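Contents: one structure, followed by commentary.
Laboratory data are not the source of any read-out in this text; all were calculated from the coordinates shown. Keep in mind that this is a model prediction, so the values were computed, not measured. Methodologically, a virtual Cβ is constructed for each residue, glycine included, from the backbone with ideal geometry; neighbour enumeration extends over all protein chains shown.
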Amino acid sequence: MFRKMPNKWKIFLVLIAIFGIASFSHAAKKSKWQKLLEKNSVPESYWQKYLPKVSRSEYRKAVKKYQGAQNDAYSGVSGEGVKIIEGKYPLPAESGKIAREQHLWLKKSQSASNHYSMTDTPSSCRNGMAGGYGAFGPLGKSDKEEEVYYVNMRWGYADWIEPESELNENVSKDEKSITLKSGDNFAKSGYVKIGNEYIRYSSKSGDKLKGLKRGYKSSKLSHEKNDSVKQEYRYKGGNWERITRALHLDSDKKNWFKKKKVLVTNEKNGKKVVASILEAGPAIWTNRVGGLSPEAFDAIDAKNNETCTFQYVDEHTKLGKVD
């Protein structure tokens, strides 16, 4: 049938076929920059004009334009423009007590004075360094804005526990090792508290703690089978502190939580701040669910142990105090 067609119709059909194949090819082969735009949920209206192939520079233009529009949209009074969203993984708590945290390094072994200079930290927020990059580090100068406004909670990428067990046998004052009913969640070395005695141990084998230093900053005591054994304590500033452990870590979940944004509202005065997920904690024994960087803490005029509410917000929301 095709042979019997006039030549002009044959040419027309061939051109249509070529055009269709080319269009399909363009549609099937997305540039990595277009894929990134789609992954980051940048609406197509911001980059449609760059099709069929979005370049790196066009990607940057689209993102910049979209972020600018978002910042304008989220500058509403009393947080009216902040877009609350539901995260892939739930927040550890929707409300609870918080406290002021310390600053995180933005470069290796960063001093407090260097950090304050880099971030223009006001005097009211100069309460020292935490001594590390935080749970999601290492950080760099490009993370300055996130570090200024960060929130910490016991995020759902691990099981947060303060290990406890019971003695599996009596323990005399001179005992050289301790056998627990279960030592599974205890650290390889550290401290335990049994009654009023603190004990330092250097190694663990199964359910047995070895290399003991009995009566560590306390008196040696005898203990009975089934007595409670708590791990782990740290002697700091003349006081013992319980340390919370993160076990069974899920790396994929942890990567998802990093730098997600959270709206924190002070229930007492209604003041709000948008903060980035950049650190984990606090310890369970504090009875708090989270904490804020010094600047974020000041932004909502908070006090330690005041109750705040927490909500995920769109990733393009501007960090800082919500007017």
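Looking at this model, which pairs from 88/318; 35/88; 64/271; 29/254; 144/259 are more than 23 angstrom apart at the alpha-carbon?
In this structure, 64/271; 29/254 exceed 23 Å between Cα atoms.
With every atom except the alpha carbons ignored, what do you get for Rg and Dmax of the chain, in angstroms?
Gyration radius and largest Cα-Cα distance of the chain: 28.4, 108 Å.
When the Debye formula is applied to the Cα atoms of the range 163-243, each taken as the same point scatterer, what base-10 log of I(q)/I(0) results at q = 0.13, 0.23, 0.26 Å⁻¹?
-0.32, -1.09, -1.43
Could you work out how far the C-alpha centroid of the range 30-45 sits from that of the range 149-190, in angstrom?
46 Å
For residue 61 and residue 222 in one chain, what is 0.36 nm times their gap in residues minus the Cα-Cα distance, to one decimal in nm?
50.9 nm is the gain from fully extending residue 61 to residue 222.
Using just the helices of the chain, give the 222 nm mean residue ellipticity in deg cm²/dmol: DSSP H runs with n ≥ 4 each add -39,500 (n - 2.57), and the total is spread over all residues, rounded to 500.
Only helices count here, giving -7000 deg cm²/dmol.
Could you tell me which GluC sites (Glu not before Pro) in the range 137-193 are loop residues by DSSP with no more than 15 other beta carbons within 10 angstrom of their beta carbon? Don't skip to the answer; put the middle values down first.
Values: sites: 145, 146, 147, 164, 166, 169, 175; in loops: 169, 175.
Of the GluC sites (Glu not before Pro), the ones in loops of the range 137-193 whose Cβ has at most 15 other Cβ atoms within 10 Å are 169.
Suppose every K and R has +1 on its Cβ and every D and E has -1 on its Cβ; what is the size of the dipole of the chain about the Cα centre, in Debye to the nearest 20?
I would put it at about 1780 debye.
As I understand it, the dipole of the chain uses +1 on the Cβ of Lys and Arg and -1 on the Cβ of Asp and Glu, about the Cα centre. Which of 319, 54, 292 lies farthest toward its positive end?
Comparing the listed Cα positions along the dipole, 54 ranks first.
Roughly how far apart, in whole Å, are the Cα centres of the range 258-308 and the range 97-112?
Using only Cα atoms to place each centre, the spacing works out to 14 Å.
Lys/Arg Cβ at +1, Asp/Glu Cβ at -1, dipole of the chain taken about the Cα centre: which of 187, 135, 122 is farthest positive-ward?
It is 135.
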